[in-house]
């Protein structure tokens, strides 16, 4: 058992557990940028070893400051660069999508439209690969297939 513990410690030391919260926040921002009016890392609440803060303005214009940490995402203010609503019992979100779904009905439509566009493009590409001509209002089965 001692040998296994040494192997574990070698590959999973505490140094490996350090998270770059700026990098994590940038990943969140890239994932949701097309579904928000504005989203950026806070200039006033600088990232720490335990969290990063993201200013988010929804498609409806709702402004929030979100804390990203090991517990997920938590709204900490209804103003940018602020932490005036930090309640230990407040709702936490595992993903930025669940947070946006909670506060932005327009996000749901935006995400759905992006998904429909991606699926439509994939269908058009597959049909084109099979020699089927795709028109703007549908597709044409030239060979009667």
Test result for residue 59, surrounded by 15 or more Cβ atoms within 10 Å (Cβ to Cβ), modelled with pLDDT of 95 or more and part of a loop (DSSP other than H, G, I, E, B): yes
Test for residue 104: is it surrounded by 14 or more Cβ atoms within 10 Å (Cβ to Cβ), under 26 Å from residue 68 (Cα atoms) and out of contact with any helix residue (DSSP H, G or I) (no Cβ under 6 Å at 6 or more places or on another chain): yes
Among (1) out of contact with any strand residue (DSSP E or B) (no Cβ under 8 Å at 6 or more places or on another chain); (2) buried (at least 20 other Cβ atoms within 10 Å of the Cβ); (3) more than 20 Å from residue 112 (Cα to Cα) - the single one residue 67 does not satisfy: (1)
Qualifying residue in the range 29-42 (condition: more than 20 Å from residue 94 (Cβ to Cβ) and under 11 Å from the mean Cα position of the chain (by Cα)): yes
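The values are calculated or read from the model by the stated rules, or taken from the named source; none is laboratory data. Treat the numbers as computed from the prediction; the structure is a model and nothing was measured. FYI the Cβ positions are ideal-geometry reconstructions off the backbone, even for glycines, and counts take in every protein chain you see.
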